[in-house]
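The values are calculated or read from the model by the stated rules, or taken from the named source; none is laboratory data. Not measured: the values here are computed from a predicted model. Counting neighbours? That spans all protein chains shown, and the Cβs are built from the backbone with ideal geometry, glycine included. Heavy atoms of the whole protein, side chains included, go into the accessibility calculation; ligands, DNA and RNA do not. Shrake-Rupley method; radii C 1.70, N 1.55, O 1.52, S 1.80 Å.
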Amino acid sequence: MRRMARPHIEWIQAQALPWQHDAIAARDGADAKILSRDDATGAVSCIIRYPAGYSRDPEWLAADEEFWVLDGGIAIDGVEYGEHTYAHLPKDMPRSGFSSANGAAVLTFFSATPVATQGGQGRAFDERRLVRRLAAADNIWDGDFAAMGLQSMASTARMRRLRTDPDTGEITYLTATIAFRQGERSERHPVVQEFFLISGELAGDLGTMQSGAYCWRPPFFKHAPYGSPTGTLLLFRSVGGPQTTDWEDPDQPFTWQPDHKPVLPPDLAPLMAKPWPRPERY
């Protein structure tokens, strides 16, 4: 397995990160929050904020572009992507255009430095790896918890498989849990597990996350159990291969009021010195 050149981030609230202008090579004119970056390959996970009227000419990227629309909408090749829609566009795939009429915030994962080449021809791209468009509102929950060793979640959660790489077995999926679901055991996975908390509140062994929490977890790091008083919607990615799960007894039993002790590199730790407050609800 290739060593990942990203720090362990478990977790940071995206709200704590600054917006940076022109931080993404192929998205000049837009702002971005950098969630994590691989210094060796240029791969980056980020939230991109497109202004109203944003557009790009025909082009292709020398990187996979995987995304989930958090807010607003974008259009690529005439396909509309509104809130809670997903796509995985393989590297070298030609795009006839990219636009956002009213602006958008898009959770985006690039597999390498996203250098854009103008023109719509591109090279031959692997159509097996294309996921043109999926929407959460389709109400399809076709994921297999048992295939990843997560059978214990089946009665209190649902999974939506968004993509499985035909060569590596890497998987991207949604998990939705019911309110007051509470786990009992800890987990380890042999691959990187990356996630973004789209909605809800999630208590775990390192503190309590709110909507907007982001994690890049290295292989075999022990984590969980988790519980949520609200129910959650999370987007997960396995990086480096298919996800499987080993279960262990936790170091401490689950609690709804865990100590706040996220694992972060020194430059990010000051941003999460205190627990993140719950958003106002009334």
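Tell me which of Pro242, Thr156, Leu61 sits at the most positive position along the dipole axis of the chain, charges placed on C-beta atoms (Lys, Arg +1; Asp, Glu -1).
Of the options given, the answer is Thr156.
Does anything in region 229-251 have its amide N under 16 Å from the 7 Å Cα→Cβ label point of Ala146, and if so which residues?
From region 229-251, the list is 245.
Only sites in a loop by DSSP and with at most 15 other Cβ atoms within 10 Å count here; which GluC sites (Glu not before Pro) in region 169-264 make the cut?
Glu184
Using the beta-carbon distance between Glu127 and Thr255 and R0 = 51 Å, what value does 1/(1 + (r/R0)^6) give for FRET efficiency, to the nearest 0.05?
That pair, Glu127 with Thr255, gives E of 0.60.
Above 11 angstrom, tally the Cα pairs of region 168-216 and express them as a % of all pairs, no decimals.
Summing the P(r) tail past 11 Å for region 168-216 gives 77 percent.
Modelling each spin label as a point 7 Å along the Cα-to-Cβ direction, I'd like the Ala154/Gln20 distance in nm, to one decimal.
With each label placed 7 Å out from Cα toward Cβ, I get 4.4 nm.
To the nearest 20 debye, what is the magnitude of the charge dipole of region 140-257 about its Cα centre, counting +1 on the Cβ of each Lys and Arg and -1 on the Cβ of each Asp and Glu?
Here region 140-257 has a charge dipole of around 300 debye.
With +1 on each Lys and Arg Cβ and -1 on each Asp and Glu Cβ, and nothing else charged, work out how big the dipole of the chain is about its Cα centre, in Debye to the nearest 20.
Dipole about the Cα centre, nearest 20: 120 debye.
Between Arg278 and Asp246, what is the label-point separation in nm under the 7 Å Cα-to-beta-carbon projection?
Result: 3.7 nm between the two label points.
Just to confirm the filter: which chymotrypsin sites (Phe, Trp or Tyr not before Pro) across region 6-107 are DSSP coil and have at most 13 other Cβ within 10 angstrom of their Cβ?
Trp19
Relative contact order of the chain, please, whole-number percent, based on alpha carbon pairs below 8 angstrom and at least 6 residues apart.
Over the chain, the number comes to 19 percent.
Alpha carbon centre of region 55-107 versus region 126-195: separation in Å?
Here the two parts' Cα centres lie 22 Å apart.
Got the relative contact order for region 140-257 handy, in percent, Cα pairs under 8 Å and 6 or more residues apart?
It comes to 33 percent, rounded to a whole number.
If exposed means no more than 16 neighbouring beta carbons inside 10 Å and the site is in a DSSP loop, what's the longest run of the chain without any exposed trypsin sites (Lys or Arg not before Pro)?
Counting at most 16 other Cβ atoms within 10 Å as exposed, the longest clean stretch of the chain is 4-122.
Can you sort His8, His189 by 1.4 Å-probe accessible area, starting with the largest?
His8, His189
Taking the full set of protein chains and a 1.4 angstrom probe, give the accessible area of Phe236 in square angstrom, rounded to the nearest 10.
Surface open to solvent at Phe236 totals about 30 Å².
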